[in-house]
Every structure is written in C-alpha cells, then in structure tokens.
Amino acid sequence: MYQLGVKRNSPLGRGIGRGKMAKKFYLKTFGCRTNQADSAAIREQFLTLDFQETDGPKQADVIVVNSCTVTHRSDQQVRQMTRKLHRENPKARIILTGCYAQRAPETLAALGGVSAVIGNSHKDQVAALGTGRGEKPFLLYQAELAEVFRDDFTSARSILAIPATETGGRTRPFIKIQDGCDAKCTYCIIPQVRGPSRSVPPELVCEQCRDLVTAGFKEIVLTGIHIGTYGMHLKPRSSLDRLLTGIMAVPGLERVRLSSVEPMQLSRRVTALAAGSQQIAPHFHICLQSGSDRILKKMLRPYNTARFGEIVEEIHRRIPDAAIGTDVIAGFPGETDRDHRETVDFVTRMPFTYLHVFPYSDRSGTTASEMSLKVEPPTTKSRGEELRQISDE
C-alpha cells in the first residue's frame, strides 16, 4: 500500500480553515533525513483527521515523538525528551514511533505519560492507531501504560511517501524514495528496525515532484535508508539513474539533491548524469566508515579502501567542484592504533569536503556487540576528536 499526501489549499497545509475546537498535535523528530520525511507523512495523517499542528507541546492534545536509535545517545535523548514533554503537558496523549519504538517498545511503553508505542512497521497508521480512530488488528500487547503496535515487517510492507504539500517549513522538501536495508553491516541496527529494502514506484515519486513544484518549491532532496538500491525490488525493475532521469524532466524543477549513498551502489550512470546536468546538485555523501581494510572486513563492508578511493577520485575528476562528504566510525571493536592511523591517512588523502564522525555505539542484537577487544571510551573519544579536527581543516 502506497500513500500520497492529501493536497491542501495552503502550501504548508497546517489545518487552515478548521474550526476553533479542532484537536491539536505537536510533532518532535529525531534522527536522519528519512525520519524527517516520515514525520512529514505523519503530519499529513493528522491533518487528514482534522487535527491542527501547534508550534509547541504545551497546547497539544496529542504529542508524537518520532525516534532514532542509531546510538545509545540517540536513545537517551528520546527518553529525556519524552519525560520533558510529559512534564510540560501532562494531559497530552504521547505517542512514540520510529526506530527506537521498533527496537525496544517495552522500554518506551514504560515511560510515564506514553499512551501508544508504534513501530516503523505501522508508521503509516500512527495517527489512526495513536488516537484510537483505527482498527487494532496489529496490537502486539497492552502494556501497563501504553498500547504497542509492532511486528517484524512480515505483515506490513507499505512505504511512506512524502506528502506533496507539507514540508515542516523546509525550503528543500525531502522525498522518501526508498526504505529499509538488506545489508549485513556488523555494527548497524537499522536493517532490524527498518525492514527489508523497498522502493516507492517512480511514477509516484515524479507525481510528488510535480506537486511540490506546483506548491512553489524549486529544489528537492531524495532520501531513504539505502537509496543506491532504489528500484531493485520493483516490478518492473528500476534504478536510481532512471528515476533521476524522470525527475529531471519535471517542468519547473531546478535542482535535485541526493542524500547519503553507499559507495558500491553509486553507479557510474548517476555520476555521469550529475556531471552532465546542472539540475543535480554537485554533492555526494558516500559512507566510508573506516580507512582500514582490516576494520572494513570486520564491519562486513563490501569494498576496500582502494575501491572506495577510485569512486571518490572519479567523482572529483568528473565534477571538480563537487562537495564530497563521508561517515567515519571511531573506536570500532578491535580497532588498533595502526587501524586508526590508516583511517587518518586515508581521509587526509581523499578530496573530502567534510567528515561526519561517530563514536562506535554498541547496539544489542548486532554482530559487533558480541565482538571482543572493545576500545576504551577515552581512546574512542580522542580518535574521534582527531578525525573531527581533520574535517574542520
């Protein structure tokens, strides 16, 4: 089941024209661009049910927290915010959704004030389930304080599509073209909380682009969990470069920007399109994670530094002014001083514009969490600081 947003008279569709007694909702989003795209779809769900969005939580009848769980710090921030929101508005119905809700619903259900915990598997029903307006065939269990809706994606295969009118105030609206991941990186919890890779059909993506142009937007950002795999499971099969070709043909759309792409899924066809058209923003965020071949192997990343370097150098050669960014994890289990020095040397040699540096965060249920030789936190911190200094320079 694929959902497109309901068009509204206002380009920002915030319940204009509804009665004074309309219920109000507040939406707090954590995490990546894909989560922000999901929040736009959740926002549209509430607007469709005649709710009105507020700028703050104190006036809300319903509060939705769209969570992230990529690190321990992400989890902590979600819990802290939920408690804060409950203190500020103890009468509001609080709904937890997103990746943390998918991974550990019991933990969130036990938080004070939480009425419902809705995993990613049922994110297209957040408003209906969270407000009691929908049927509840997927109720996992009734916790002491919260209803929990979650499964392992065996019964829910829908993918949210960004509403064409609501962007959360952004001048570059996100269009979510893909969700889920089939990779098996040893450190990553995302495949477990997002499910298998699946894509929005190209005709729906192009329809969204046209709607956004009609609403006055000139630039869009394509986002997803693993957008390089776009279209692989569609029938008929598609690909990211074919999708880009269709999007570039939308009248009035001046710029298309790509979010993060895995190196082995960044095809030469995509690079060639970007090199030959000013419509595609000259910006590539390509995930590295480590500059040590030994660590890349432990991570189950499907490339080595030589292959990664070839991809980056080709982009730099074809598009000399391109901004090229990457992700690096500091302190992966078993990472030695030599591994770290190899990473430092590699990122220094590459024509990167910036680095996103993350300290390794142990996620229960991943292969890496069972690995021995954990790096001490002070060492991880110092390695991360050194990498961030390189990014600053």
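The values are calculated or read from the model by the stated rules, or taken from the named source; none is laboratory data. Keep in mind the model is a prediction, meaning the values are calculated, not measured. Cβ coordinates were reconstructed from backbone atoms using ideal geometry, including for glycine residues, and neighbour counts include every protein chain displayed. Note: areas computed on protein heavy atoms with side chains; ligands, DNA, RNA excluded. Shrake-Rupley method; radii C 1.70, N 1.55, O 1.52, S 1.80 Å.
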Self-check item: the range 288-324, residues that are touching an Asp or Glu at 6+ places or on another chain (Cβ under 9 Å), open to solvent by less than 10 Å² (accessible area, probe 1.4 Å) and among the hydrophobic types (A, V, I, L, M, F, W, C)
Solution: LEU288, ILE295
Exercise. Output yes when any residue across the range 73-80 is within 28 Å of ASP362 (Cβ to Cβ), modelled with pLDDT of 95 or more and crowded, with 24+ Cβ neighbours inside 10 Å, and no when none is.
Key: yes
Quiz item: Only one of these conditions is not met by ASP241: (1) surrounded by fewer than 21 Cβ atoms within 10 Å (Cβ to Cβ); (2) within 27 Å of GLU342 (Cα to Cα). Which number is it?
Solution: (2)
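Every residue, every condition in (1) under 20 Å from GLN279 (Cβ atoms); (2) in contact (Cβ under 8 Å) with a residue 40 or more places away in the chain; (3) not in a strand (DSSP E or B), yes or no:
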residue: ILE175; (1), (2), (3): yes, yes, no
residue: LYS184; (1), (2), (3): no, yes, yes
residue: CYS188; (1), (2), (3): no, yes, yes
residue: VAL193; (1), (2), (3): no, yes, yes
residue: VAL205; (1), (2), (3): yes, yes, yes
residue: GLN208; (1), (2), (3): yes, yes, yes
residue: VAL213; (1), (2), (3): yes, yes, yes
residue: PHE217; (1), (2), (3): yes, yes, yes
residue: LEU222; (1), (2), (3): yes, yes, no
Quiz item: Do you know which of the residues in the range 50-70 that are in contact with a strand residue (DSSP E or B) (Cβ under 7 Å, 6 or more places away or on another chain) and hydroxyl-bearing (Ser, Thr, Tyr) is most open to solvent (accessible area, probe 1.4 Å)?
Solution: THR54
Quiz item: Does PHE352 satisfy the criteria of being surrounded by 16 or more Cβ atoms within 10 Å (Cβ to Cβ), aromatic (Phe, Trp, Tyr), under 24 Å from LEU258 (Cα atoms) and touching a residue at least 12 places away in the same chain (Cβ under 8 Å)?
Solution: yes
Quiz prompt | Counted residues, the range 178-202 - those being modelled with pLDDT of 95 or more, in contact with a strand residue (DSSP E or B) (Cβ under 9 Å, 6 or more places away or on another chain) and among the hydroxyl-bearing types (Ser, Thr, Tyr) | solution = 1
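Does any residue of the range 279-286 turn out to be assigned to a helix (DSSP H, G or I), touching a helix residue (DSSP H, G or I) at 6+ places or on another chain (Cβ under 6 Å) and more than 30 Å from HIS340 (Cβ to Cβ)? Spell out how you get there, then give the answer.
Within the range 279-286, the subset assigned to a helix (DSSP H, G or I) is none.
No, every residue in the range 279-286 fails to be assigned to a helix (DSSP H, G or I), touching a helix residue (DSSP H, G or I) at 6+ places or on another chain (Cβ under 6 Å) and more than 30 Å from HIS340 (Cβ to Cβ).
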Exercise. Tell me which of these GLY132 doesn't satisfy, since it passes every other one: (1) modelled with pLDDT of 80 or more; (2) open to solvent by 30 Å² or more (accessible area, probe 1.4 Å); (3) closer than 24 Å to ARG257 by Cα.
Key: (3)
Quiz item: Taking the range 256-273 on its own, how many of its residues are assigned to a helix (DSSP H, G or I) and open to solvent by 10 Å² or more (accessible area, probe 1.4 Å)?
Solution: 6
Quiz item: Does the range 138-153 contain any residue that is under 23 Å from ILE227 (Cβ atoms) and at pLDDT 95 or above?
Solution: no
Quiz item: Which residue out of ASP55, ASP61, ASP75, ASP50 is free of Cβ contacts under 8 Å to residues at least 60 places away in the same chain and on the phi > 0 side of the Ramachandran plot?
Solution: ASP50
Quiz item: Is it true that THR380 is hydroxyl-bearing (Ser, Thr, Tyr), touching a strand residue (DSSP E or B) at 6+ places or on another chain (Cβ under 6 Å) and in a helix (DSSP H, G or I)?
Solution: yes
